[in-house]
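Below: the structure, in structure tokens.
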Amino acid sequence: MAIKAGVPIVPIACSGAHRIMRKRSLQIHPGEILVEFLSPIDASQYTFEEREKLNMVVHDALAAGLPADQRPVGFPGAA
């Protein structure tokens, strides 16, 4: 949608949420979640055919915005 609308994508990284609500559980535990708004990504520079490339740019920006122990496995700097 961002490509079609020509608007930027603002990635939002939420760290610590995995401690609040664990996988396969509906139980919520007390704690803190850090929400960080990252630099906008200009989607107007991508065509519809390049949407997967844009998806990877957004993915990498989000992963880089997380603490090392919460980054995806195999991502540079992941713990």
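The values are calculated or read from the model by the stated rules, or taken from the named source; none is laboratory data. Quick caveat: nothing in here was measured; it's all calculated off a predicted structure. Every residue, glycine as well, gets a Cβ built from its backbone with ideal geometry; the counts of neighbours run over all protein chains shown. Side chains included, ligands, DNA and RNA excluded: accessible areas come from the protein's heavy atoms. Shrake-Rupley method; radii C 1.70, N 1.55, O 1.52, S 1.80 Å.
Here are a few things to note about the model shown:
- Across the accessible surface of the chain, with the other protein chains kept in place and a 1.4 Å probe, carbon and sulfur atoms take up 60 percent.
- For the chain, projected area of the alpha-carbon convex hull averaged over all directions, nm²: 6.5
- The stretch 14-72: trypsin sites (Lys or Arg not before Pro) in DSSP coil with no more than 16 other Cβ atoms inside 10 Å: ARG22, LYS23, ARG24
- Heavy atoms of LEU62 accessible to a 1.4 Å probe, total area in Å² rounded to 10: 50
- Relative to the longest principal axis of the Cα atoms of the chain, helix 51-64 runs at roughly 40 degrees.
- Cleavage-rule hits (GluC sites (Glu not before Pro)) in the chain: DSSP loop, at most 15 neighbouring Cβ within 10 angstrom: GLU32
- Excluding ligands, DNA and RNA, the accessible surface per residue across the chain is 76 Å² with a 1.4 Å probe.
- Near PRO11, once Lys and Arg are set to +1 and Asp and Glu to -1 for all other residues with Cβ below 10 Å from its Cβ, the sum equals -2.
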